[in-house]
Amino acid sequence: MTGRLVGIQIGAASFIDEGVHTVLDTVQERGAVNTVFLATPTWNRTTGGRAEPGRYPGHGIQDDDPGWVGGNYATVHPEFYGNTILGAIGRAPEYDGWDMLGSVMPEARRRGMKSYALMDESSHARHLRSYPNFLKCLEVDIWNKPARRPCFNNPDYRNWHLGIVEDTIKSYELDGILWSSERPGPLDRLIQEPTRQGLGLITCYCGHCKTLAGERGISWRRAQEGYRKLVTWNADISQGDMPSDGAFVTFWRLLLTYPELLSWQSLWADGQHQLYRDILGTIRAFRPEMQVGWNIYQNSSFSPFYRAGQHYADLSHIADFLKISTYSGVAGPRLHTWIAGISRGVFGDADPELVYPLMLKILGLDAGDYASLPRDGLPATYVGREVRRAVVGGEGRCEIYAGIDVDIPVGLPRLGNRSLPSPGDSSLINADTTNGVDLVQTTPERVKADILAAFSGGATGVVLGEKYAQMRLENLDGAKAALAELNT
Ligand SMILES: [Zn+2]
């Protein structure tokens, strides 16, 4: 891409509620946007559907959409799904079969804008489990029962995603694909927060994963035994039932006894990254000129453990670009919650106020005091530092785009008629539990400062997120102001 990419994530709801022309004109004129990231498929409210009840931004339809399901907002071509028991991807039930890619792309092109598909794995989505045969693709947990999410190492699940990708890239002249999957692995999950053992999130012991483990010489029985003990450890620490040697020492002792705990985390994470490789290869085979990139989950900013598994030097070999979630405002409440969580996990021997300064040092972040995080968010220097880390880490092999926070909701969700996400869903992992007074709010000045910091850190693009449907238009002006300053 020549010049700076200025992207924005938009779901089908906005085009339906406001009209394709209005939305495209608005983001181009007010936000200096030159690339639209069209959310399809998605079953995830962070990228699809309207704004949360009570948080309407002053455009779009100011009403709840409690029945929103999601799915594919493009036309489905069943011939691309012959290699999976899941069959063709389902059309989203909303909007009467309206084809977002077919309707928006030509209009975007007319305005000189590029179009990317934003594909959201949405592994937690309840609706996915209603697909015939989806149960055969589920992970298996430490108690040998089907878990709640699909397994990356299940060929039917992988082939289903590859079918979606092939269908999309052969049916539409897209400029790029941004693929997103926000899931922490079993070890990350157990050390970073209290996790109820019945949730079926400590995985995966399906036949495919056991076979892969065998190839690596890892005993799945030993891994499963270790994880069962770690689940008990997690429950004890989080309930304040502290072992005499404390949280950290007993955790490390488990690692010494069961090195399979680490091997299994790597096996799980490698499954996710192998799907990245398969998607990239699929696209390269047919549309080598198309840009392909991965969303980097914001957990990478907060958790040194998760970060260690997201190695930019490795990822840069399998991506044209990485979109890193450097959402500065919501980072405040999210980091606050993350610190509170790990202070009831592997750092359960200490209080959040003690854990926090050490984490800032380890993560290379600078921010105000712990108590002020939910109110202040993180400064623009956070965006700049995270971009710089990715640019240096990627050694110039791929572009780095910074995700810019524009009105991402903070505080507990205002659900209206909707149901709460299930505990343990990724929507709560990085959520904040700091509901109360004076939570950070996006301002045009904050958007402008974040964008300037991203480009001065070495980014070649920014992507306004998480979805247009919840963005206040005056905050898009901040993007335009930043670009105007850069272009003078
Ligand atoms: Zn599995």
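About the Cα centre of the range 1-143, what is the dipole size in debye to 20, counting +1 per Lys and Arg Cβ and -1 per Asp and Glu Cβ, all else neutral? Mind showing how you got there, number by number?
On the way: 13 positive and 17 negative charges, 83 e Å.
Charge dipole of the range 1-143: 400 debye, to the nearest 20.
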Any idea what % of Cα-Cα pairs in the chain are farther than 32 Å?
-> 38
Which helices, counted as full DSSP H runs in the chain, have an axial Cα extent of no less than 24 Å and a Kyte-Doolittle average of -1.0 or above?
-> 260-286
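Once you keep just the Cα pairs under 8 angstrom separated by 6 or more residues, what percentage relative contact order results for the chain?
Values: 928 pairs, mean separation 92.2, N = 488.
Once normalised by length, the contact order is 19 percent.
Using a ≥ b ≥ c from the Cα gyration tensor of the range 1-127 (square roots of the eigenvalues), is it rounded, prolate or oblate, where a/c under 1.5 gives rounded and otherwise the larger of a/b and b/c decides, a/b for prolate?
Numbers: a/c = 1.92, a/b = 1.25, b/c = 1.54.
Judged from the Cα gyration tensor, the range 1-127 comes out oblate (a/c at least 1.5, b/c at or above a/b).
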Using the Cα centre as the reference, give the magnitude of the dipole from point charges on the C-beta atoms of the chain (Lys, Arg: +1; Asp, Glu: -1; all else neutral), rounded to the nearest 20 debye.
-> 900
Any idea what the relative contact order of the range 1-77 is, in percent, if you count C-alpha pairs under 8 Å spaced at least 6 apart?
-> 35
Can you tell me which of 122-131, 474-483 comes out highest on packing, and rank the rest after it, using the mean Cβ neighbours within 10 Å?
-> 474-483, 122-131
Order of THR168, THR460 under a 10 Å beta carbon neighbour criterion, fewest first = THR460, THR168
Taking Cα pairs under 8 Å and at least six residues apart, what relative contact order does the range 259-393 come out at, in percent?
-> 24
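In the structure displayed, which of LYS170/LYS467; LYS170/LYS210; LYS136/LYS170; LYS145/LYS170; LYS114/LYS448; LYS170/LYS323 lie more than 31 Å apart, Cα to Cα? All intermediate terms of the calculation are to be shown ahead of the outcome.
Working: LYS170/LYS467 26 Å; LYS170/LYS210 35 Å; LYS136/LYS170 28 Å; LYS145/LYS170 38 Å; LYS114/LYS448 22 Å; LYS170/LYS323 24 Å.
As for pairs spanning more than 31 Å Cα to Cα, those are LYS170/LYS210; LYS145/LYS170.
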Provide PHE251, PHE37 in ascending order of the number of other Cβ atoms located within 10 Å of each residue's Cβ, fewest first.
-> PHE251, PHE37
Give me the Kirkwood hydrodynamic radius of the range 190-341 in Å, from all C-alpha pairs, to one decimal place?
-> 17.7
Give me the Kirkwood hydrodynamic radius of the range 198-261 in Å, from all C-alpha pairs, to one decimal place?
-> 12.8
Between PHE248, ILE169, GLY31, whose Cα lies farthest towards the positive end of the dipole of the chain when Lys and Arg beta carbons carry +1 and Asp and Glu beta carbons carry -1, centred on the Cα centre?
-> PHE248
Binned Cα-Cα distances of the range 311-391, short to long, each 10 Å bin given as a whole percent | 18, 44, 29, 10, 0
Estimated dipole of the range 81-234 in Debye, rounded to 20 [Cβ of Lys and Arg +1, of Asp and Glu -1, Cα centre] = 660
Ranked list, fewest to most other Cβ atoms within 10 Å of each Cβ, for CYS204, CYS398 | CYS398, CYS204
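Of the peptides 232-241, 262-271, how do they stack up when ordered by the mean number of other Cβ atoms within 10 Å, highest first?
Details: 232-241: 15.9, 262-271: 20.5.
Going by the mean number of other Cβ atoms within 10 Å, highest first, we get 262-271, 232-241.
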Of GLY217, CYS137, THR488, farthest towards positive along the dipole that unit charges on Lys, Arg, Asp, Glu beta carbons give the chain | GLY217
Give the residue from HIS208, HIS124, THR46 lying farthest towards the positive end of the charge dipole for the chain; charges sit on Cβ (+1 for Lys and Arg, -1 for Asp and Glu) and the dipole is referred to the Cα centre.
-> HIS208
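The numbers here are math on the coordinates, done by the rules we state, and not lab data. This structure is a prediction, so every number in the text was calculated from the model and none was measured. Here Cβ is always computed from backbone atoms with ideal geometry, including for glycine, and neighbour counts include all displayed protein chains.
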